[in-house]
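The values are calculated or read from the model by the stated rules, or taken from the named source; none is laboratory data. Please read these numbers as outputs of a predicted model, since none were measured by experiment. In this analysis, Cβ positions are derived from the backbone assuming ideal geometry, glycine residues included, and neighbour counts consider all displayed protein chains. All accessible areas refer to the heavy atoms of the entire protein, side chains included, with ligands and DNA or RNA removed. Shrake-Rupley method; radii C 1.70, N 1.55, O 1.52, S 1.80 Å.
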Amino acid sequence: MKENTLTLAIQKSGRLSEGSLSLLKKCGIRIQNGTNHLKAKARGFPLELIFLRDDDIPQYVEDGVAAAGILGLNEVLEKNKNVEVIRPLGFSRCRLSIAIAEKLSYQGRESLNGKRIATSYPFLLEEFLRKNQIDAEIHSISGSVEVTPGLGLADAIFEIVSSGSTLLSNGLKEVERVMESEAVIIARPDLEPQQKKLLDQLLFRITSVQRAENNKYILLNAPGDKIDAITRLLPGVKSPTIMPLAIEGWFSLHSVVKEDDFWEVIDNLKDAGAEGILVVPIEKMIT
Ligand code: ATP
Ligand code: ZN
């Protein structure tokens, strides 16, 4: 591993690739020659990318071939390697659930006793069964787990669910939500100081991007006697910038608001006298 370059493993192609590359791009990091090769040098940060199957990333990070990696929390926990989960990244959200044939009745977890459950997550399934004292048989398979009940190979499955449409089309129903997952960044727990410094710099950029995505810049106009009431309506706003408009007695208020909170107060803002409300995205937020 080169001292002054951070090696980051990401999924070569699949449901994590686009989110991973898009996050890096927002952090000002671009790759030069696509994901067709095993490795690529990045521009805009001393970073080398390695493109792998997501299943292999925890092992490569544990072995130190890569200092860090981006993959689903589900896969990190399944592989159970000596890696540290640094932080969630907010994309590729899904859940791991147990599903059974639609026509079967389900009276709680005890119903799984004596059943054959097909999965590509045998480690996590075993943990779930042990915790819940369920005595079921684990069928570890890779590939299309959803078709196994229809083929008579299993009574239930333990797999990733996002919208549930794959379950539906295979005549299955979700009966237990076992864990939530999203993309996370992982790293070796014992990075060299130089590598740790680079990772911290990358995390700093990620934080700025994430913060910007959760916040919006708001501009609105209001008469001077309404400014206090309007400011009180804006959640989390301590001291907005207030500037006089060319029209006597009118002001422009500028501030940063959390997007989620904002939609709840929009009607109240208008009732309180706010006009010409503009909400604009923030590209980076450095604090
Ligand atoms: P690979 O060839 O790299 O092994 P894969 O077949 O294991 O790919 P993908 O289907 O690309 O995997 O899924 C990768 C990860 O994306 C999953 O482990 C999970 O964290 C997440 N994921 C999977 N399915 C969905 C989904 N439907 N919606 C959102 N995220 C998902
Ligand atoms: Zn995989």
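For a label point 7 Å from the Cα of residue 277 along Cα→C-beta, name the residues of segment 246-267 whose backbone N is under 20 Å from it. Answer for this model: 250-267.
Helical content alone sets the calculated 222 nm signal of the chain at -8500 deg cm²/dmol, taking -39,500 (n - 2.57) per DSSP H segment of four or more residues and averaging over every residue.
Which of rounded, prolate, oblate describes segment 94-181, given a ≥ b ≥ c as roots of the alpha-carbon gyration tensor eigenvalues and a/c under 1.5 marking rounded, otherwise prolate only if a/b is larger than b/c?
Rounded, because the longest to shortest axis ratio a/c is under 1.5.
At a probe radius of 1.4 angstrom, the accessible area of the chain per residue rounds to 54 square angstrom. The C-alpha atoms of the chain define a longest principal axis, and helix 193-214 lies at about 60 degrees to it.
Can you divide the C-alpha Rg of segment 215-281 by 2.2 N^0.38 Å and report the result to two decimal places? Don't skip to the end; give the middle numbers.
Values: Rg = 10.8 Å, N = 67, 2.2 N^0.38 = 10.9 Å.
Relative to the rule-of-thumb radius for its length, segment 215-281 sits at 1.00.
Give me the net charge for the shell around residue 32: Cβ to Cβ below 12 angstrom, other residues only, Lys and Arg +1, Asp and Glu -1. Walk me through the numbers before you get to the answer.
Working: positive: 30, 39, 41, 43; negative: 48.
Here the count lands on +3.
Given a 1.4 Å probe and every protein chain left where it sits, what share in percent of the accessible area of the chain is carbon and sulfur? Each step should come with its number before you reach the end.
Values: 7520 of 15480 Å².
Carbon and sulfur atoms account for 49 percent of the accessible area of the chain.
Note on segment 19-53 and segment 140-156: Cα centroid distance 36 Å, given to the nearest whole angstrom.
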